[in-house]
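Novice: Provided herewith is a single structure, encoded as structure tokens, for subsequent inquiry.
The values are calculated or read from the model by the stated rules, or taken from the named source; none is laboratory data. Everything numeric in this text was worked out from a predicted model, so none of it was measured. As a convention, Cβ positions derive from the backbone with ideal geometry for all residues, glycine included, and neighbour counts pool all protein chains shown. All accessible areas refer to the heavy atoms of the entire protein, side chains included, with ligands and DNA or RNA removed. Shrake-Rupley method; radii C 1.70, N 1.55, O 1.52, S 1.80 Å.
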Amino acid sequence: MGNLLKVLTCTDLEQGPNFFLDFENAQPTESEKEIYNQVNVVLKDAEGILEDLQSYRGAGHEIREAIQHPNDEKLQEKAWGAVVPLVGKLKKFYEFSQRLEAGLRGLLGALTSTPYSPTQHLEREQALAKQFAEILHFTLRFDELKMTNPAIQNDFSYYRRTLSRMRINNVPAEGENEVNNELANRMSLFYAEATPMLKTLSDATTKFVSENKNLPIENTTDCLSTMASVCRVMLETPEYRSRFTNEETVSFCLRVMVGVIILYDHVHPVGAFAKTSKIDMKGCIKVLKDQPPNSVEGLLNALR
């Protein structure tokens, strides 16, 4: 357990157990490898998805021209030609959310199983805990980018409107095979959310709890509250923070902390902000407010 440094014993039950979780260097043990490798296949595509989303510019100009000149066939074709490949990208993002959900459910299964407590799991299986953190980190970054890009919903709405008009006029629609009506409905619900990836993970966690009736709900909520506690302690204690070798690890920890709080709030019967919550919300918010304001505004908004 060289990766693990106990930093606080559980003297304060309200605060929960706290330990150093090596987000930078944790490697899977033999018993973790199967789940780790499955999730790794998904996570290796995460950075590419973020790059595609970051460079997503939309077809706003072409769509405006087509709407302003409804009888100009060339402009209609130009707008359609611009939107179809973009919808292909949106489909890729949506399909990735489904893969991410499957990965999360695999990790939850591993990190909440008996006979170990969630704290013991996070201590013993640091590589899986790191992957869980990476999923949350990706999720909040994806949603931050999506929230600031109105072109996504505009493009998709135009695509659906044009597609239904083509159907009425019996015009063969190139690109319809890419996104059929059923898939378009699911994608529409996904992109209508302010934070679609977080909603996907919240629903997946809730579903995991309801499908595993033999598993006490505390196994899942304690896993989340422990992760929030670990991130908070690592961030607010200079000695542990100095162990980070990469400056990006601070923003990674902040995003993970906020992500697990939101998941906990969705899954726990009384939520994260109740007095009986196992998450020290005051401490977590203080850690956020101690950072440079422009770096955490999105995270504070996510909590609000």
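Novice: Test each condition in (1) part of a helix (DSSP H, G or I); (2) among the hydrophobic types (A, V, I, L, M, F, W, C); (3) more than 16 Å from LEU90 (Cβ to Cβ) for VAL171 and report the one that comes out false.
Specialist: Here VAL171 meets the rest and fails (1).
Novice: For residues in the stretch 93-121 being more than 15 Å from LEU224 (Cβ to Cβ) and aliphatic (A, V, I, L, M), which is least open to solvent (accessible area, probe 1.4 Å)?
Specialist: Here the residue is LEU100.
Novice: Restricting to the stretch 177-206, name every residue that is touching a residue at least 60 places away in the same chain (Cβ under 8 Å), open to solvent by less than 70 Å² (accessible area, probe 1.4 Å), assigned to a helix (DSSP H, G or I) and not polar (S, T, N, Q).
Specialist: Hits for the stretch 177-206 are LEU183, MET187, PHE190, TYR191, PRO196, MET197, LEU198, LEU201, ALA204.
Novice: Separate question: In the stretch 104-118, which residues are of a type outside the set (Val, Ile, Thr) and either modelled with pLDDT of 95 or more or not in a helix (DSSP H, G or I) (or both)? Show your work before the answer.
Specialist: As a first pass, look at the stretch 104-118 and keep what is of a type outside the set (Val, Ile, Thr): 104-111, 113, 115-118.
Within the stretch 104-118, SER113, PRO115, TYR116, SER117 qualify.
Novice: Something else about it: Name the residue, out of ARG255, ARG243, that is outside any helix (DSSP H, G or I) and under 22 Å from PHE20 (Cα atoms). If you could, list the steps in order and put the result at the bottom.
Specialist: Working: ARG255 fails: outside any helix (DSSP H, G or I).
Only one candidate qualifies: ARG243.
Novice: Further question on the same structure: Consider only pairs whose beta carbons are under 6 Å apart and that are at least six residues apart or on different chains; among these, list those whose first residue lies in the stretch 106-125 and is over 20 Å from GLU211 (Cα atoms) and whose second residue is surrounded by fewer than 21 Cβ atoms within 10 Å (Cβ to Cβ).
Specialist: Partner pairs satisfying both residue conditions: GLU123/LEU4; GLU125/GLU32.
Novice: Conditions first: (1) touching a Ser or Thr at 6+ places or on another chain (Cβ under 7 Å); (2) part of a helix (DSSP H, G or I); (3) touching a residue at least 60 places away in the same chain (Cβ under 8 Å); (4) open to solvent by 10 Å² or more (accessible area, probe 1.4 Å). VAL209 passes all but one, so which condition is the exception?
Specialist: Condition (3) is where VAL209 drops out.
Novice: Considering only residues that are open to solvent by 10 Å² or more (accessible area, probe 1.4 Å) and part of a helix (DSSP H, G or I), look in the stretch 122-139 and name the one that is nearest to ILE262 (Cα to Cα). It would help to see each step written out before you state the result.
Specialist: In the first step, residues of the stretch 122-139 are kept if they are open to solvent by 10 Å² or more (accessible area, probe 1.4 Å); the result is 123-125, 130, 134, 137.
This time we only want the ones that are part of a helix (DSSP H, G or I), so: 123-124, 130, 134, 137.
Working: GLU123: 22, ARG124: 24, LYS130: 18, GLU134: 15, HIS137: 13 Å.
Filtering first and then ranking leaves HIS137.
Novice: Let me ask something additional. Which residues, counting only those in the stretch 41-54, are open to solvent by less than 60 Å² (accessible area, probe 1.4 Å) and either of a type outside the set (D, E, K, R) or touching a Ser or Thr at 6+ places or on another chain (Cβ under 9 Å) (or both)?
Specialist: First, pick out the residues of the stretch 41-54 that are open to solvent by less than 60 Å² (accessible area, probe 1.4 Å): 42-43, 45-46, 48-50, 52-53.
If the condition is that a residue be open to solvent by less than 60 Å² (accessible area, probe 1.4 Å) and either of a type outside the set (D, E, K, R) or touching a Ser or Thr at 6+ places or on another chain (Cβ under 9 Å) (or both), then VAL42, LEU43, ALA46, GLY48, ILE49, LEU50, LEU53 are the ones that fit.
Novice: Given the conditions (1) farther than 22 Å from GLU144 by Cβ; (2) open to solvent by 90 Å² or more (accessible area, probe 1.4 Å); (3) in contact (Cβ under 8 Å) with a residue 24 or more places away in the chain, which single one is not true for ASP290?
Specialist: Answer for ASP290: the failing condition is (1).
Novice: Still on this structure, I have one more. How many of the residues in the stretch 254-273 are open to solvent by less than 20 Å² (accessible area, probe 1.4 Å) and either among the acidic types (Asp, Glu) or in contact with a Phe, Trp or Tyr (Cβ under 7 Å, 6 or more places away or on another chain) (or both)?
Specialist: Residues that pass the stated criteria total 1.
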